[in-house]
Amino acid sequence: MPIDRKDWAQRFPEFLVEAEQLLAKSEECLSHLQLISNDKDAIDCMRSTLLKLAGRAEALALEAISEFSLHIHSLLDHAPEPIDLHAPALEALKDCFTLMAWQIELVDHNTGQLSLDDSEQTSLIEAFAFQVGQGRFQPPLSTQSLALLTYSERQA
């Protein structure tokens, strides 16, 4: 059942707090991986955190953030085993988290719109994909066809 604008306006500040916490947790995992490379628990924690963030963003129709989280999760999930998160891969992942934090901050609090082109997001995803041995990243079919709509557009 879709949420109304009033409910969205009430839930968005909660999302911001939770999104910051989830990104902080992902960055902690990243820091851990810089010290102890390829730690399975840290990678699994990061995967879980990215899925939670994607779900929370999707619930508020923040598709760009949701899809970005899902793309990174998918790259981690489908990386060749054993996953090799060497220094350049971790740096590429850090760049993804930095952009995601900026995107969350730039979401319009009234409309839910994120007025940015997706070229930087795409190039960061491709850079991370290359670093984890996946060459050119192809998003999962379930997210390729999704239109980036604001919450109000999805309700229309």
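The values are calculated or read from the model by the stated rules, or taken from the named source; none is laboratory data. Bear in mind that the values here come from a model prediction, so they are computed numbers and not experimental data. For neighbour counting, all protein chains shown are included, and Cβ atoms are generated from backbone atoms with ideal geometry for every residue, glycine included.
Leu124: closer than 17 Å to Leu16 by Cβ, touching a helix residue (DSSP H, G or I) at 6+ places or on another chain (Cβ under 8 Å) and crowded, with 16+ Cβ neighbours inside 10 Å, yes or no? No. Mind listing just one residue for me: the one in region 96-117 that is acidic (Asp, Glu) and either at positive phi or not in a helix (DSSP H, G or I) (or both) and, of those, modelled with the highest pLDDT? Among those residues, the one meeting the criterion is Asp108. Which residues, counting only those in region 52-111, are within 20 Å of Ser31 (Cα to Cα) and of a type in the set (Lys, Arg)? Lys52, Lys94, listed by residue number. Taking region 35-85 as the range and being closer than 19 Å to Leu99 by Cβ, acidic (Asp, Glu) and surrounded by fewer than 20 Cβ atoms within 10 Å (Cβ to Cβ) as the test, only Glu58 passes. Selection of first residues in region 10-28 that are over 18 Å from Ala64 (Cβ atoms) and of second residues that are at pLDDT 95 or above and part of a helix (DSSP H, G or I), restricted to Cβ pairs under 6 Å at least 6 apart or on distinct chains, gives the following pairs, ordered by first then second residue: Lys25/Thr49; Glu27/Phe97.
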